[in-house]
Ligand code: SF4
């Protein structure tokens, strides 16, 4: 991730919007980053994104987060409200994790 690119809700959005107070992703920003982390392969990346979406589905401000992400449009980068935002050609709900 570049230094000027907007960041995931866990890193920036919590500070910017009181509707997200109590978010389950507080302090977990790297988990919600849409870009692969250093050394992360495709499978690890997909699993991390799926894990982030799981956190979202249990988040007390999920509905508010969905609204905030919609308001931010392209400035919402990462996993917001269990949905990937900001990855070229990869917007939408994260894929389910394989269980086998
Ligand atoms: S729904 Fe997900 S991204 Fe949004 S505040 Fe909750 S945990 Fe964070």
The one condition residue 27 fails out of (1) assigned to a loop (DSSP other than H, G, I, E, B); (2) at pLDDT 95 or above is (2)
List the number of the failed condition for residue 65; all other conditions in (1) more than 8 Å from the ligand (Cβ to nearest atom); (2) assigned to a helix (DSSP H, G or I); (3) buried (at least 17 other Cβ atoms within 10 Å of the Cβ) hold.
(1)
Given (1) surrounded by fewer than 20 Cβ atoms within 10 Å (Cβ to Cβ); (2) within 12 Å of the chain's Cα centre (by Cα); (3) part of a loop (DSSP other than H, G, I, E, B), number of the condition residue 34 does not satisfy:
(1)
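The values are calculated or read from the model by the stated rules, or taken from the named source; none is laboratory data. Note that the structure is a prediction, hence the values are computed from the model and not measured. All Cβ positions, glycine included, derive from the backbone under ideal geometry; neighbour counts span all protein chains shown.
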